[in-house]
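Below is one structure; the comments refer to it alone.
Each reported figure results from applying straightforward, stated rules to the coordinates on display, with no laboratory input. No experiment lies behind these values; they were computed from the predicted model shown. Virtual Cβ from ideal backbone geometry, glycine too; neighbours counted across all protein chains shown.
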Amino acid sequence: MNYELVNNITLGSDVWEKVKQNIAKDDATVITLTAAPRFFGLLQDEGVKGINVLDHVTKRSYVPDQYRFVNDVPVPTWAKIDMNQDGSILVSDQGDVIAREYLFGNTRRAVQDVRYNNPDGTLDYIEEYAFDGTVFSNLFYADNQLQEIVFYNSDVQPVVRYYFYEGVINFVTIEDPKTHAVLKDYENLDAFLVDQVAQLVTEDDTVVFHYMGVEMNSLREAKSHNVLEMAESVLDENGNVRGNLDLILQGQLDYIDEVRVDSQGYHDLEQSGVPMDRVVEVK
């Protein structure tokens, strides 16, 4: 199979437009790495096939044409709900604001998340909803600092947990949704993505990516044919071949099999004297 690998779908960006062209040309499926409650809605809007790594792990499925209405969220029975001009919705109980609801963009009723306050006004936790209205995740805070994110399957059973230390994910677990026994753990998000992407693709697959960041790192253990299609200049601001690109062409990042560049990029690489055996000019 053919895949286009992106960190997330950024509507209107040049890279996303290129990704969509490749998807149409190669009958490809997009793989996204970032947790995305709106993922299913984006696939519908853009008319593409896609797999989100986190959804794949939680085995989440989506229900078309379904959403969670603004008054269908867990709040006290007699809570008062008021909508603001910015689209946020205040939830008050006995005169105190206890939560704020936010809607998905370009919708008037579909709830994206509810942000609950502690009595002192700091964040307690956030409940996020997928585009079809099912509970997607809970984000837990202490002293206004994110401590943990729990990701659920479609039956609202916890499957994946991200743990934070000083704002950085420093532990990830996958658990049995029924027994809650930990099935696998990782020392950071990078290790989680590397393992999951390696399980998702096979040696018969071709994976195209466009940036030498988290997308490239996630392919470290993948047996697929991995292709970097440059979305930026092959040269850095000093006129030198970009560091990771140079490592690829020198054979030091051997899990990248091919580099696709435009005519200018091909010329610049030839002039720089780097090995060209992995470089393909795209006209």
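Between exposed GluC sites (Glu not before Pro) in the chain, where DSSP calls loop and at most 14 other Cβ atoms lie within 10 Å, what's the longest gap?
Answer - 1-165.
Straight-line reach from Lys184: which aspartates and glutamates fall under 12 Å, measuring Cα to Cα and dropping same-chain residues less than 8 apart?
Excluding near neighbours in sequence, the set is Glu175, Asp176, Asp195.
Each residue of the range 241-248 in order: what ³J(HN,Hα) in whole Hz does its phi give by Karplus 6.51 cos²θ - 1.76 cosθ + 1.60, θ = phi - 60°, with x for Gly and Pro?
Karplus values, whole Hz, x for Gly and Pro: 4, 4, x, 5, 5, 4, 4, 4.
So how do Trp78, Trp16 line up by other beta-carbon neighbours within 10 Å, fewest first?
Lowest count first: Trp78, Trp16.
With percent of Cα pairs over 31 Å apart as the read-out, I listed (1) 38; (2) 28; (3) 31; which label goes with the value calculated from this structure?
Given (1) 38; (2) 28; (3) 31, the structure-derived one carries the label (1).
Return the subset of Lys18/Lys49; Lys25/Lys223; Lys49/Lys223; Lys18/Lys59; Lys20/Lys49 for which the Cα-Cα distance in this structure is over 20 Å, preserving the input order.
Where the Cα-Cα span goes over 20 Å, the pairs concerned are Lys25/Lys223; Lys49/Lys223; Lys18/Lys59.
Give me the distance between the Cα centres of the range 1-20 and the range 30-56, rounded to whole Å.
Answer, in whole Å: 11.
Taking the 0 to 90 degree range and rounding to the nearest ten, how far is the long axis of helix 189-200 tilted relative to the main principal axis of the chain, both from C-alpha atoms?
Here the helix axis deviates by roughly 70 degrees.
Per residue of the range 34-39, what does 6.51 cos²θ - 1.76 cosθ + 1.60 with θ = phi - 60° give for ³J(HN,Hα)? Whole Hz please, x for Gly and Pro, Karplus curve as stated.
Per-residue couplings from phi come out as 7, 4, 9, x, 8, 3 Hz.
Counting other beta carbons within 10 Å of each residue's own, what order do Lys283, Lys80 fall into, fewest first?
The fewest-first ordering by Cβ neighbours comes to Lys283, Lys80.
Aspartates and glutamates near Lys178 by alpha-carbon distance under 17 Å, same-chain residues fewer than 8 away left out - which ones?
Qualifying aspartates and glutamates at Cα under 17 Å: Asp155.
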